[in-house]
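Undergrad: Quick one: the structure is below, and I'll ask about it shortly.
The values are calculated or read from the model by the stated rules, or taken from the named source; none is laboratory data. Note that this is a predicted model, so its numbers are computed, not measured. As a convention, Cβ positions derive from the backbone with ideal geometry for all residues, glycine included, and neighbour counts pool all protein chains shown.
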Amino acid sequence: MNTDLLIPDEDRQRLIECKHHAPHDFYGWHPASTGSVVRARFLGATKVELLIHNTTVDMEPIGDDIWAAALDDTHAADYRLRVTYPDAEPVIVAVSYTH
């Protein structure tokens, strides 16, 4: 797994407990050593896809209902997420966290 996708354990624990003082530091689009990364948390989702530049990128589940995708892009672009929950049609959402 690309290490840019990961979140340090202490921050991750505070994020999943909804006690982190700056969740926007981890969720949404962020520059990374290999380009950029997009992370989001969707409780109970079975699949999350990043819709960006007229393409679809499957996001990886990295645990605790957090999903991530690494991109080659070094600049933030407009994107949406297509989220699938059990026994439901996918929904497209805009992400409120920005860098």
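Undergrad: If you scan the range 43-61, which residues turn out to be of a type in the set (A, V, I, L, M, F, W, C) and modelled with pLDDT of 95 or more?
TA: Looking only at the range 43-61, we keep the residues that are of a type in the set (A, V, I, L, M, F, W, C), and these are 43, 45, 48, 50-52, 57, 59.
The answer is L43, A45, V48, L50, L51, V57, M59.
Undergrad: For residues that are of a type in the set (S, T, N, Q) and either assigned to a strand (DSSP E or B) or touching a residue at least 12 places away in the same chain (Cβ under 8 Å) (or both), scanning just the range 15-74, find the one that is surrounded by the fewest Cβ atoms within 10 Å (Cβ to Cβ). Steps first, answer last, please.
TA: Kept after step one, since they are of a type in the set (S, T, N, Q), are these residues of the range 15-74: 33-34, 36, 46, 54-56, 74.
Subset that is either assigned to a strand (DSSP E or B) or touching a residue at least 12 places away in the same chain (Cβ under 8 Å) (or both): 33-34, 36, 46, 55-56, 74.
Working: S33: 10, T34: 13, S36: 20, T46: 13, T55: 8, T56: 10, T74: 10.
Within the range 15-74, the match that is surrounded by the fewest Cβ atoms within 10 Å (Cβ to Cβ) is T55.
Undergrad: Counting just the residues of the range 1-14 that are touching a strand residue (DSSP E or B) at 6+ places or on another chain (Cβ under 8 Å) and not in a loop (DSSP other than H, G, I, E, B), which one comes out modelled with the highest pLDDT?
TA: Going through the range 1-14, the residues touching a strand residue (DSSP E or B) at 6+ places or on another chain (Cβ under 8 Å) turn out to be 1-2, 4-7, 12.
After this cut, where a residue has to be not in a loop (DSSP other than H, G, I, E, B) as well, the list is 4-5, 12.
On the way: D4: 80, L5: 86, R12: 94.
Filtering first and then ranking leaves R12.
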